[in-house]
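Working notes for the structure below.
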Amino acid sequence: MLVVARPCADPPTAPRARANPTPKRAFGRDAPLRGPAPSARPKRNAGAAPPPQRRCHGETSPMRLTRYFLPVLKENPAEAQIVSHRLMLRAGMIKQSSAGIYSWLPLGFKVLGKIEKIVHEEQARAGHIPMLMPTLQPADLWRESGRYDAYGEELLRIRDRHERDMLYGPTNEEMITDIFRSHVESYKALPLTLYHIQWKFRDETRPRFGVMRGREFLMKDGYNFDLTQEDAMHAYNRHMVSYLRTYERMGLKAIPMRADSGPIGGDNTHEFLVLAETGESEVFYDKAIEDLALGAREVDFDDHAQLEAIRDEFTTPYARTDETHDAALFDQIPEDRRVQGRGIEVGQIFYFGTKYSDAMGAEVIDSTGKRVAVHMGSHGIGVSRLVGALIEANHDDKGMIWPESVTPFGAGIVNLRQGDDATDAACEALYAKLSAAGVDPLYDDRNERAGAKFATMDLIGLPWRITVGPRGLKDGLVELTCRRTGETEEMSPDAAAAKIAAIYAAL
Ligand code: 5CA
């Protein structure tokens with residue numbers, strides 16, 4: 001999908017917010033029921049792309065390198081053990097502030113925004129509702145669930161000036177359950193899935209590999225509330241399918257594997273693993289699973305049977321992490337299909353029934369007037385970890401190679417003779433044309449040698465590069481180079497711009 005550059009502020013024609021726009025509403029247990037009864041609800045917008053959303057992080061913003069902040073390192077940073085960490089530091093995407101805590105510099109922040117945008121779009125497609133909860137949580141909520149003590153050393157406990165115990169949230173089951181119980185009274189408000197993308201903190205013993213295992217990291221976490229186990233399993237399947245599409249849109253093959261639920265709880269859980277030698281998880285799977293893809297198939301997220309069939313398709317072949325590995329079952333796979341390797345966990349989904357709703361009293365009145373605890377699950381995507389995983393999956397010895405869907409800029413323009421009137425003018429015209437097409441170009445307008453400009457472009461890995469120099473321009477030609485294949489074609493500037501615009505328009 002092509003996303004056209006749009007300023008973050010409201011356009012001048014948008015109606016201004018009124019000083020006191022919200023009519024008084026009842027909240028809490030007396031609140032009116034939300035929305036029409038389930039049967040009367042319109043179908044989710046299944047196959048169609050969701051309407052474009054107005055979010056600043058993933059917005060396009062073309063840039064001239066002389067005006068950008070791209071602090072590229074000449075040397076390989078000694079502390080980085082894996083390629084993604086090394087390249088992120090070298091390309092000025094992140095800067096460590098303390099162990100496992102990073103500033104996201106502009107280039108890294110752009111990729112983070114692109115990932116967030118895909119996550120939001122796929123969540124919207126599945127009918128899930130975005131919101132935002134705080135990073136700091138009151139300890140009392142965690143005392144209700146019993147996790148304040150059970151979570152252990154990874155939980156960063158904080159005391160405020162009034163001696164109140166707080167914590168930096170490592171996840172949000174308690175907080176969302178509290179929100180739910182405060183506002184939802186009847187089964188008619190179900191099914192309901194709320195999610196947010198927010199920073200988390202886990203005081204990991206060994207933060208390492210840059211953003212892969214951080215202490216502070218960005219996670220999409222979603223929570224479903226359902227009347228029955230069957231409905232909650234439908235929510236589980238909805239998440240599984242929407243995650244498959246989310247990762248596929250980023251060009252990643254993420255395999256759902258049966259996993260262990262750890263401190264989140266429950267018996268039903270799958271992790272999504274991207275295969276990579278540098279991954280922290282040991283994985284065992286049937287090679288047949290590598291051929292599965294959701295592709296462009298139409299999905300109706302309200303169709304229980306369809307989602308169940310997709311879940312079964314992706315979870316029937318053996319695929320497990322070392323936590324749940326069963327050697328006897330694994331040995332039943334034909335030998336030439338048995339794969340043992342490593343993977344990066346980029347997401348996990350859980351169904352844990354009434355674990356939190358029982359502990360915290362999250363109940364609704366069912367159709368017979370009885371109070372029942374709601375069935376819940378939680379579903380996470382490692383948004384900041386994905387930046388590292390994407391680089392692990394897409395690089396060569398010169399640098400990163402971004403897939404078009406998540407690249408920080410759509411194309412690079414390299415001016416080989418800065419200051420030459422004709423070359424400058426051709427670059428400016430390309431810059432304007434690509435910007436207008438929403439391609440989001442990065443124009444290297446520095447007074448630098450060609451070699452230095454190419455090295456920077458290769459390092460930051462934009463999928464397309466247009467090279468503009470006086471010699472080619474004499475014949476009306478520029479060079480269009482594909483970063484992944486290294487192939488270069490000569491063509492007119494207009495043809496190059498049109499070709500790139502068409503590629504992004506088709507995404
Ligand atoms: N509440 C559930 C689901 S919302 C939950 O917290 N699940 S989780 O523990 O599996 O985390 C979700 C995802 O966050 C993981 O799959 C992983 O991709 C990412 N993640 C977890 N810990 C870290 C970390 N220390 N650094 C970077 N990403 C992490």
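Quick notes
- When the range 287-306 is filtered for residues that are in contact (Cβ under 8 Å) with a residue 40 or more places away in the chain and open to solvent by less than 10 Å² (accessible area, probe 1.4 Å), the ones remaining, listed by number, are 294, 299, 301.
- Residue match in the range 221-241 (condition: open to solvent by 10 Å² or more (accessible area, probe 1.4 Å) and either within 12 Å of the ligand (Cβ to nearest atom) or under 16 Å from the mean Cα position of the chain (by Cα) (or both)): no
- Breaking point among (1) under 21 Å from the mean Cα position of the chain (by Cα); (2) open to solvent by less than 10 Å² (accessible area, probe 1.4 Å); (3) over 19 Å from residue 457 (Cα atoms), for residue 390: (3)
- Members of the range 52-72 found to be modelled with pLDDT of 95 or more, among the hydrophobic types (A, V, I, L, M, F, W, C) and assigned to a loop (DSSP other than H, G, I, E, B), listed by number: 69, 70, 72
- In the range 74-105, of all residues being open to solvent by 30 Å² or more (accessible area, probe 1.4 Å) and modelled with pLDDT under 95, the one that is nearest to the chain's Cα centre (by Cα) corresponds to 81.
- Check on residue 177, open to solvent by 10 Å² or more (accessible area, probe 1.4 Å) and within 16 Å of the ligand (Cβ to nearest atom): no
- So residue 108, is it in a loop (DSSP other than H, G, I, E, B) and open to solvent by less than 50 Å² (accessible area, probe 1.4 Å): no
- Strands (runs of 3 or more DSSP E) lying entirely in the range 420-507 (those with 1 or more residues that are under 34 Å from the mean Cα position of the chain (by Cα), over 14 Å from residue 409 (Cβ atoms) and at pLDDT 95 or above): 464-468, 478-482, 488-491
- Qualifying residue in the range 186-193 (condition: within 16 Å of the ligand (Cβ to nearest atom) and either more than 16 Å from the chain's Cα centre (by Cα) or not small (Gly, Ala, Ser) (or both)): yes
- Count of the range 199-217 residues which are near the ligand (Cβ under 6 Å from one of its atoms) and either open to solvent by 50 Å² or more (accessible area, probe 1.4 Å) or in a loop (DSSP other than H, G, I, E, B) (or both): 4
The values are calculated or read from the model by the stated rules, or taken from the named source; none is laboratory data. All figures in this text were calculated on a predicted structure; none of them were measured in a lab. Because the Cβ atoms are built from the backbone with ideal geometry, glycine has one as well, and the counts that use them run over all protein chains shown. Calculation scope for accessible area: heavy atoms of the full protein, side chains included, ligands and nucleic acids excluded. Shrake-Rupley method; radii C 1.70, N 1.55, O 1.52, S 1.80 Å.
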